[in-house]
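A short write-up of the structure that comes next.
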């Protein structure tokens, strides 16, 4: 993904920055995401599992984003990450609406994840081949699904 003929797409750093802001909201927002999932969904995400999953995911997402910025061959990763945040932001909004309660992560999901995910996907669609874009987006769906399974596994 590029910004111009010679520039690097440093704006992609908004992805990991928004991820860190989102994690902070999930942890400290309202009753916390772990408690909210237990109360509102009847499906608890333990705080330990939340920390472990995000301790693995955060460095990988930062590394992938930096690689996408400095090496065009990694541009697909931005679409993968953009897909993950778009899904996650959408699910927080749906969770809040469906339970008529505040899902910790909903504010950053709505204010950061949804617009950022859409921008990344729109740009990726024009800058990647259709096949690469499709695989990258599918990988984002798969990653989000895998993380959800790990997070909610009993």
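For segment 40-52, the condition holds for no residue, the condition being that it is part of a helix (DSSP H, G or I), under 24 Å from residue 123 (Cα atoms) and out of contact with any strand residue (DSSP E or B) (no Cβ under 7 Å at 6 or more places or on another chain). Assess whether residue 91 counts as being surrounded by fewer than 20 Cβ atoms within 10 Å (Cβ to Cβ), closer than 21 Å to residue 28 by Cα, in contact with a helix residue (DSSP H, G or I) (Cβ under 6 Å, 6 or more places away or on another chain) and modelled with pLDDT of 95 or more. Here the answer is no, as residue 91 does not meet what is asked.
Check whether at least one residue in segment 105-127 is over 13 Å from the mean Cα position of the chain (by Cα), in contact (Cβ under 8 Å) with a residue 12 or more places away in the chain, more than 21 Å from residue 73 (Cα to Cα) and in a helix (DSSP H, G or I), and report yes or no. Yes, segment 105-127 has at least one match. What about residue 23, is it within 17 Å of residue 88 (Cα to Cα), within 14 Å of the chain's Cα centre (by Cα) and buried (at least 17 other Cβ atoms within 10 Å of the Cβ)? Yes: the conditions hold for residue 23. Screening segment 70-86 for residues that are crowded, with 18+ Cβ neighbours inside 10 Å and free of Cβ contacts under 8 Å to residues at least 60 places away in the same chain and picking the one that is farthest from residue 8 (Cα to Cα) gives 86. For segment 38-64, a tally of residues being without any contact (Cβ under 8 Å) to a residue 60 or more places away in the chain and surrounded by 18 or more Cβ atoms within 10 Å (Cβ to Cβ) returns 3. Residue count for segment 128-146 satisfying the condition of being touching a residue at least 40 places away in the same chain (Cβ under 8 Å) and farther than 15 Å from residue 83 by Cβ: 0. Taking the conditions (1) surrounded by 15 or more Cβ atoms within 10 Å (Cβ to Cβ); (2) in contact with a helix residue (DSSP H, G or I) (Cβ under 7 Å, 6 or more places away or on another chain); (3) without any contact (Cβ under 8 Å) to a residue 60 or more places away in the chain in turn, residue 99 satisfies each one other than (1). Scanning segment 128-138 for residues that are in contact with a helix residue (DSSP H, G or I) (Cβ under 9 Å, 6 or more places away or on another chain) and part of a helix (DSSP H, G or I) yields 132, 133, 135, 136, 137, 138.
Against the conditions (1) within 30 Å of residue 126 (Cβ to Cβ); (2) in contact (Cβ under 8 Å) with a residue 40 or more places away in the chain, where does residue 32 fall short? Just the number, please. Condition not satisfied by residue 32: (1).
Screening residue 67 on (1) crowded, with 17+ Cβ neighbours inside 10 Å; (2) part of a helix (DSSP H, G or I); (3) under 18 Å from the mean Cα position of the chain (by Cα) shows it passes everything except condition (1).
Summed over segment 91-104, the residues that are assigned to a loop (DSSP other than H, G, I, E, B) and within 16 Å of the chain's Cα centre (by Cα) give a count of 2.
The values are calculated or read from the model by the stated rules, or taken from the named source; none is laboratory data. On a predicted model such as this, the values are computed, not experimentally measured, just so you know. No Cβ is skipped: glycine too gets one built from the backbone with ideal geometry, and neighbour counts run over all protein chains shown.
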